[in-house]
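Written below as structure tokens is the structure these notes are about.
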């Protein structure tokens, strides 16, 4: 059997590794459009902050390590067409086209940076000081700009996870950063009460944060790149030496759409939980496909953790397995200077739209016993269903030392297993005064929700 995986990032590599793990007799070829397979795109902000050096360390595995598993790599190779009848791919490398045959195909071509309708992005690029950040090529272009032009000011359009991480990184690099956010608060996937804590952390570290700003266009002038935007019906302008646009992603679907695979939520390719596309012998996974969510059903929520799992399922099933993607609950975390924000499940408004009867309770609790030095406060917003008490979601913000990321994982595990909020108190969680309390902070937040519904 010859399994071909298109895409050298999380989904494609996970599919290839799983197939080789389960059956070393399977011939596996990974076709990647660039020369950097299995690099951590999530780690790029820490390369810019100089916490991760050199750039080669961003590789989860080197090309040599991947090939040592028995897979073949075809790098800097573009797949231009799929012929499902002949089971062949048309590929192009170095200006030369040829065909690659397959028995089973996994498509993991990911997503591309969204443009959000911003005029000027089609004509301005890295040479002008305008950047996106979604690949190693983007990384090298921005690094060259920082090294060669020595910009002193930067505008970041977007205050989601990557935008916030890059605000920290560029601040550490000595740039004066202005962050523009369309919504009323940074981190639009959090309730604004918690986003405000992250906002304050940014300001405390010198980042200028402008919310309620809808960017319309970018133009290059003698003073730098001018961002033209609208706020409350009035035109506003911001100018900087460089502009970084990080406003989300759009799924890459052209290859599969061309052979009749439909798109669903978010314009992403439709697959079932086994990662089947509906075209025989063609599977798909990663940021280009829909997300099966344990609370929402079919949606689009591209995450690296999800892409790894989907790729693993696709690789197993492509060689005859029966695996199923169990579903996401949307668990995410971000570090912004010394603050960590994490969330999982649904917020109140999302849960109501999905047909639940949500109630959200705000509370705070210490990360460990107050009498032991260094205790800090974690702010929580816990969402449950008033009808049956089912846990629907949780949001947490605390200091980096407060183990926020692992505490949100406790909530994520509970949501995955359809636990009630009350059942959180029954969990046997670890305790020692320097690290926690007899009732852990997640349990105290859950009990605060219970008190609110009584």
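The values are calculated or read from the model by the stated rules, or taken from the named source; none is laboratory data. Only a predicted model underlies this, so the values are computations on that prediction, with no experimental measurement involved. Virtual Cβ from ideal backbone geometry, glycine too; neighbours counted across all protein chains shown.
Among the residues here, residue 369 does not qualify as out of contact with any strand residue (DSSP E or B) (no Cβ under 8 Å at 6 or more places or on another chain) and either part of a strand (DSSP E or B) or within 21 Å of residue 164 (Cα to Cα) (or both).
Selection within the range 340-368: residues that are surrounded by fewer than 16 Cβ atoms within 10 Å (Cβ to Cβ) and touching a residue at least 12 places away in the same chain (Cβ under 8 Å). The member of this set that is nearest to residue 389 (Cα to Cα) is 357.
Has the range 284-293 got at least one residue that is in the same structural domain as residue 37 (by TED's automatic domain parsing), in a loop (DSSP other than H, G, I, E, B) and closer than 30 Å to residue 204 by Cβ? So far as the range 284-293 goes, no, none of its residues is in the same structural domain as residue 37 (by TED's automatic domain parsing), in a loop (DSSP other than H, G, I, E, B) and closer than 30 Å to residue 204 by Cβ. Being within 18 Å of the chain's Cα centre (by Cα) and surrounded by fewer than 19 Cβ atoms within 10 Å (Cβ to Cβ) is true of residue 248.
Listed conditions (1) part of a strand (DSSP E or B); (2) within 12 Å of residue 109 (Cα to Cα) are all met by residue 3, apart from (2). Note on the range 418-442: residues that are in contact (Cβ under 8 Å) with a residue 40 or more places away in the chain, more than 25 Å from residue 386 (Cβ to Cβ) and surrounded by 14 or more Cβ atoms within 10 Å (Cβ to Cβ) amount to 2.
Scanning the range 274-298 for residues that are surrounded by fewer than 18 Cβ atoms within 10 Å (Cβ to Cβ) and within 20 Å of the chain's Cα centre (by Cα) yields 294, 297, 298.
Taken together, 323, 352 contain a single residue that is outside the structural domain of residue 382 (by TED's automatic domain parsing) and more than 18 Å from residue 396 (Cα to Cα), which is 323. Filtering the range 35-50 to residues that are within 20 Å of the chain's Cα centre (by Cα) and assigned to a loop (DSSP other than H, G, I, E, B) leaves 36, 37, 38, 40, 49.
If residue 406 satisfies every condition in (1) without any contact (Cβ under 8 Å) to a residue 24 or more places away in the chain; (2) part of a loop (DSSP other than H, G, I, E, B); (3) within 24 Å of residue 337 (Cβ to Cβ) but one, which is the exception? Among (1) without any contact (Cβ under 8 Å) to a residue 24 or more places away in the chain; (2) part of a loop (DSSP other than H, G, I, E, B); (3) within 24 Å of residue 337 (Cβ to Cβ), the lone unmet condition for residue 406 is (2). Tell me whether the range 147-162 contains one or more residues that are part of a strand (DSSP E or B) and under 23 Å from residue 332 (Cα atoms). The answer is yes; a qualifying residue exists. If you go through the range 174-195 and keep only what is out of contact with any strand residue (DSSP E or B) (no Cβ under 7 Å at 6 or more places or on another chain) and under 18 Å from residue 394 (Cβ atoms), you end up with 188, 192, 195. Residues in the range 301-334 that are surrounded by fewer than 19 Cβ atoms within 10 Å (Cβ to Cβ), over 30 Å from residue 402 (Cα atoms) and touching a strand residue (DSSP E or B) at 6+ places or on another chain (Cβ under 8 Å): none.
Here's the yes/no breakdown for (1) in contact with a strand residue (DSSP E or B) (Cβ under 6 Å, 6 or more places away or on another chain); (2) surrounded by fewer than 17 Cβ atoms within 10 Å (Cβ to Cβ); (3) within 30 Å of residue 220 (Cβ to Cβ); (4) at pLDDT 95 or above:
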{"site": "72", "(1), (2), (3), (4)": "yes, yes, no, yes"}
{"site": "77", "(1), (2), (3), (4)": "yes, no, no, yes"}
{"site": "92", "(1), (2), (3), (4)": "yes, yes, no, yes"}
{"site": "95", "(1), (2), (3), (4)": "no, yes, no, no"}
{"site": "100", "(1), (2), (3), (4)": "yes, no, no, yes"}
{"site": "119", "(1), (2), (3), (4)": "yes, yes, yes, yes"}
{"site": "130", "(1), (2), (3), (4)": "yes, no, yes, yes"}
{"site": "136", "(1), (2), (3), (4)": "yes, no, yes, yes"}
{"site": "140", "(1), (2), (3), (4)": "no, yes, yes, yes"}
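Just one of the listed residues (113, 126) is at pLDDT 95 or above and in contact with a helix residue (DSSP H, G or I) (Cβ under 6 Å, 6 or more places away or on another chain), and it is 126.
Among the residues of this structure, residue 272 does not count as one that is under 23 Å from residue 44 (Cα atoms) and not in a strand (DSSP E or B). Quick check, is residue 394 in a helix (DSSP H, G or I), at negative phi and surrounded by 17 or more Cβ atoms within 10 Å (Cβ to Cβ)? So residue 394 fails the test.
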